[in-house]
Each structure stands twice: as structure tokens, then as C-alpha cells.
Amino acid sequence: MLDMEPRTKLPAAPAALIGVLSVAIALAAGHLLAGFVGTPASPYLAVGSAAIDLSPGWLKEFAISSFGANDKTVLLSGMAMVLLLIGIVAGLISRRRAAPGTVLAALLGVLGFVAVFSRPGLGELAALAPAASMLGGVLTFPFLHGLARSRFAPDAGNAARDTPAAATSRRNFMVGSAGVAVGAGIAGLAGQLLVASRDLTSSEASIGKLVPVQPAPPIPRGADFVAQGTPSFITPARYFYRVDTALTVPHIQTRDWQLRVHGMVEREHTYSFSDIRNRPLKSQVITMTCVSNPVGGPYISTAEFIGIPMKDLLLPCGVHESADQLFATSSDGFTAGSPLHDVLDRGMLAIGMNGQPLPVEHGFPARIVVPGLYGYVSATKWVTDLELTTFDAQAGYWIPRGWSQRGPIKTESRIDAPHPFATMPSGKVTVAGIAWAQPTGVAKVEVQVDSGPWRAAQLATEVSPITWRMWRITLDLAAGKHTVRCRATDASGHTQTTVTAPPAPNGASGLPSVTVTTT
Ligand SMILES: Nc1nc2c(c(=O)[nH]1)N[C@H]1C(S)=C(S)[C@@H](COP(=O)(O)O)O[C@H]1N2
Ligand SMILES: [Mo]
């Protein structure tokens, strides 16, 4: 019957508008439901997380090196642009009939389901969020399309423009679109508020101040050269570098947290948070380093971590002789495998950092830190599962993405002052920086100006072999342009390599250099 009528062709702008509004309501409805059933169930965030997991290693490395900790914001904004475009396209391919746009909305809905089901640790209720998105899109598009069709029907135009019926259809379309827009805004905002309100303030407060029974010795005077431009020896938690694949950080209450130890052990065991909290805590100053750190880069920081030695958790379970890998899984599905030998020797399950419970971004309520190994093969945040296994049997998150299965930290150094391309008066110029060689320790740092001789820099007081070491040297520079290089030698006598390598597959190398002009 309807098909017999002449079809109205919607003008492009309102057609695009109804597409965009339908996408908006779909996203908002899903996000709102996710506020109840769990943040990662938000289809928008789930698609983003899936995109992170599926994107190739080079792309992630590019994102980390170009956007740093803002990489997630860039991803989410990019997705918003793409969705805006999809909405416009959905509208434009549906100027005569609602079917194409409705089908596109349904396809997006399916994508939402697939993405949400690819997220680990979500219960069945999580399906409500993509279901709300799907319904929102699939119902709203034909609804608005119907309103628009009567609004732009040929007889609603010209001659009959001022009939009451035409006025009604104009109003209906306006009220309908405005209603959807406002509804999407409210649902999206409410979802965001719910997501943000699942905060851990009370859970963190219930931990109380973390006072180690075996504290690390205090940081001696002269351990850094802040006045000359090095970082402070201890990195305040808010400045501590952050690298992870989590689009939204997992919010785990301590009462819900469990750590299961299984695999090649005599006895499986599951620890609760109070099992850990009530043990005699130890603190250790550790410098963490990311394998993605380029030469001269910022992904290195130091904190006093508080927790208990990994061996105290693992050995009571009766670890089999033939296990050689500790395979740790995070609540968000990230995995990292470390050589068991290193874990038993010096690994730590940390529940605190610089006197406070771990910040959520750094793994609340518990993470692993193994001095001497890059984070991607050791420093699992939000850790919930420890499997004793072998390197032949399992490979962590980054390994199939092109990174080495073993990730010992390379002996490296960095120049912090002067800044590259700085201009300064000729004469005395102080150069300062950091060097690291965990767990061996830094024995020497040398500096070279242009093609001159290598000269030993003054080392700051050593704190421990598992932390960075600051250095400085005052040079006498004649007027002109100079390139200053540095190199570290570790306590085993190994000098950092001059061979330039990119971060993948096992850490960047090459001598750091800074070019300055003296006048
Ligand atoms: N759950 C989880 N843990 C993780 C990661 C991750 O992506 N997810 N990234 C690792 C990497 S690559 C590094 S370098 C360190 C960074 O720890 P930070 O963010 O506390 O500095 O965490 C490691 N632990
Ligand atoms: Mo990393």
C-alpha cells in the first residue's frame, strides 16, 4: 500500500541529521547501561579497546611515541569522527527509504556486541549495553525517518505549506529530533557519571597508610642533580610515566580482588587482598623502564614500591622444577611472561607506591614489578592470575605483536640538560642526565663533545643497582655549534652500544646526543 505512494526524497541535511542522531542515541544508550553493568561493556569503549588489541605493533608504537599518555584520547576522538561520518552516510544513503540506514544501524549494533564479547571479565549482563545500543539505533532511525518523510512530503511543501497538517509535521520532526538529541545527551552524561562514580576512594581509604616493616633505606643526599636539570630521584606518582593498553582503567575493589596461583605447582592457591595486606610489608626503590622508550625518551621513572617478595607467594605453592616462566594476567586481559628465575630473585607484588596505595592508573590494588625487566614482560598492573608455565607453552600480550619474549633492560643513558638546540654563552656549561642498567648498576658515565675525547662525568650517590643514577659534568665550550653525547658503562664492565636500534623488538639503543650553540 505505502509502496504505491510516490516516495519523498529527503533533503541531504535533514537526512544526514537523522543518521547522526541515531548513532548518538545508540552510543549514549549503550554507555548508560554500561554505567550499571560495567564500564568495559560500553560499546563505544569496547570497540576502542578491541581496536587497541587488534592494531599492529608499529601503530601502537607510533601512538605511544607521538601522543604518549594522550594516545587514548586521540583514539576516542578519532572514533567519534568516524562514527559521525557513518551517521552522515547512513542518512545520505536513506534519503528515500529508511531501510539502508536501519540496516547500517543494525550492523553497527552487531559490531558493538562482538566488541563487548571480546572483552575479558564481563558477565552475561554486559550484553544489555550493546543491546540497548542496537535497539536505540534500529528504532530511532526509522522513527525519525518517518517524521522527516511527512515533514518533507511534496504536499507538505509549497502550496499546502500553511495547512495545519504541514505545521504539525514540521513541529513533529523538530520536536522528535530535538528530543532524540536531548535524550542522547542526558543518557550519555548519566552513563559517564555512573562510570566515573564507581571510584575506589573508599576501597583505597580502607587500606590505610602503608607502613613497611622492612623499609628501603632513605634516599641519601646527593642522589640526584635536580639543580642541574635531572629528574628528582623519586618520581611523584602523578608524574610517573604511564603505558598500558587499557582504554579505561580497571576499577577493582580490594574486597573483590583475588590472586590465583596455578599451573606447574603442587598446590594451587588463591590470595585475597587482606592475605597480602596483613603480611609484613617491604619497600624497595625501583626504576621502571618501558621497552617503547626511544633514545632520550621519557618512559622511565622511579618509585618506592611497597609490597611483598614474589617468592613468598610462589614458593609455598610448590613450584615445579621445570617451570621457567611466570605468566601473569591482568583483570583487563593483558598478559606478561617473565623468566621465573628473575621473578623469584627480585620480583615484587606491589600494593603501594611512595607511601600510598597504588594509584588506579598504576595497577590498584596490586601489580608486579621485576627490577631489570622492561614493563611489557613483567610489570602487570591489576594482576589477578599467576600461572607457572614454560616459555614454550605461552607467550604474553606483546609477543605475537612483534616484541621479544625476553625483555632485559638495556644499559642506557639520557642527557637532560642542556635542552636540544639550546643557545648559551660560551665557557662553562654543565651537562647533566641519567643512566640506568638495572639490575647490574651503573659504574661510569662518559661525555664526549663533537669528536673529542670521552670524559668521565661525576656520578651522583648510588642508591642501588636496581635504580637509575644521575650524573653531571661541567664542560668548557668555545663559541660555536657543539654536539654532546653520553654513554653509560654498567657494573659488569659493559658499555652501552653505539648501534642504533628502534624500540621494537627489544628496546631502543644508540648514543643520546644534544646539539647546542654557544655564543
Ligand atoms: N594490565 C596491564 N599491565 C601493564 C601494561 C598493560 O598494558 N596492561 N603495560 C606494561 C608496560 S608496557 C609497562 S612499561 C608498565 C608501565 O607501568 P606504569 O604505567 O605504572 O608506568 O606496565 C606494564 N603493565
Ligand atoms: Mo612498556
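Quick notes on this one:
- Summed residue charge, Cβ within 14 Å of THR102's Cβ, Lys/Arg positive, Asp/Glu negative: +4
- Anisotropy class of region 444-519 from Cα gyration tensor, a/c 1.5 cut: oblate
- Cα-based helix-to-principal-axis angle, 99-117 vs the chain, degrees rounded to 10: 30
- Cα-only Debye scattering, region 265-395: base-10 log of I(q)/I(0) at q = 0.12, 0.16 Å⁻¹: -0.43, -0.77
- Rounded to the nearest 20, the Cβ-based charge dipole of region 17-131 about its Cα centre (Lys and Arg +1, Asp and Glu -1) stands at 420 debye.
- For region 1-68, the equivalent ellipsoid derived from the Cα gyration tensor has semi-axes of 37, 19, 11 Å, listed largest first.
- Most positive-pole-ward Cα, VAL37, PRO56, PRO100, against dipole of region 35-184 from beta carbon charges: PRO100
- Counted by Cβ distance under 9 Å from ALA437, the other residues give a net charge of 0, where Lys and Arg count +1 and Asp and Glu count -1.
- Between helix 12-37 and the chain: long-axis angle, C-alpha atoms, 0 to 90°, nearest 10: 60
- Note on region 67-111: semi-axes of the ellipsoid equivalent to its C-alpha gyration tensor, largest first and rounded to whole Å, are 29, 11, 4.
- 17 Å tail of the calculated P(r), region 354-476, as % of Cα pairs: 70
- Listed peptides 221-233, 278-290 appear in the order 278-290, 221-233 once ranked by packing, highest mean of other Cβ atoms within 10 Å at the front.
- Each listed q (0.12 Å⁻¹) maps to a log10 I(q)/I(0) for the chain from the Debye sum over equal C-alpha point scatterers, namely -1.08.
- Average projection, convex hull of the Cα set of region 66-142: 6.2 square nanometres.
- Gyration tensor over the Cα atoms of region 1-128: the corresponding equivalent ellipsoid has semi-axes (square roots of 5 times the eigenvalues, largest first) of 32, 19, 11 Å.
- Looking at the chain, the accessible area is 45 square angstrom per residue; that uses a 1.4 Å probe and ignores ligands, DNA and RNA.
- Normalised by 2.2 N^0.38 Å, where N is the number of residues, the C-alpha radius of gyration of region 208-261 stands at 1.70.
- Taking the chain and dividing mean pair separation by its residue count, relative contact order in percent (alpha carbons under 8 Å, at least six apart): 14
- Of all aspartates and glutamates in the structure, the ones whose alpha carbon falls short of 14 Å from that of LYS9, not counting any fewer than 8 places away in one chain, are ASP155.
- Compared with the dominant principal axis of the Cα atoms in the chain, helix 57-67 is inclined by about 80°.
- By the rule of a C-alpha distance below 16 Å, with chain neighbours fewer than 8 residues away ignored, the lysines paired with LYS209 are LYS282.
- Cα gyration tensor category, rounded, prolate or oblate, for region 176-226 with a/c compared to 1.5: oblate
- Rounded percent of accessible protein surface that carbon and sulfur make up, the chain, 1.4 Å probe: 61
- If the convex hull is drawn through the Cα atoms of region 318-426, its volume per residue in Å³: 172
- Net charge contributed by nearby residues that have their C-beta within less than 15 Å of PRO212 (K/R +1, D/E -1): +2
- Cross-link reach list, lysines versus LYS60, counting only Cα pairs under 23 Å and skipping chain neighbours closer than eight places: LYS72, LYS381, LYS410
- Between region 106-158 and region 334-364, the alpha-carbon center distance in angstrom: 42
The values are calculated or read from the model by the stated rules, or taken from the named source; none is laboratory data. Owing to the predicted nature of the structure, the values given are computational and were not obtained by experimental measurement. All Cβ positions, glycine included, derive from the backbone under ideal geometry; neighbour counts span all protein chains shown. Just the protein is used for accessible areas: all its heavy atoms, side chains included, with ligands, DNA and RNA removed. Shrake-Rupley method; radii C 1.70, N 1.55, O 1.52, S 1.80 Å.
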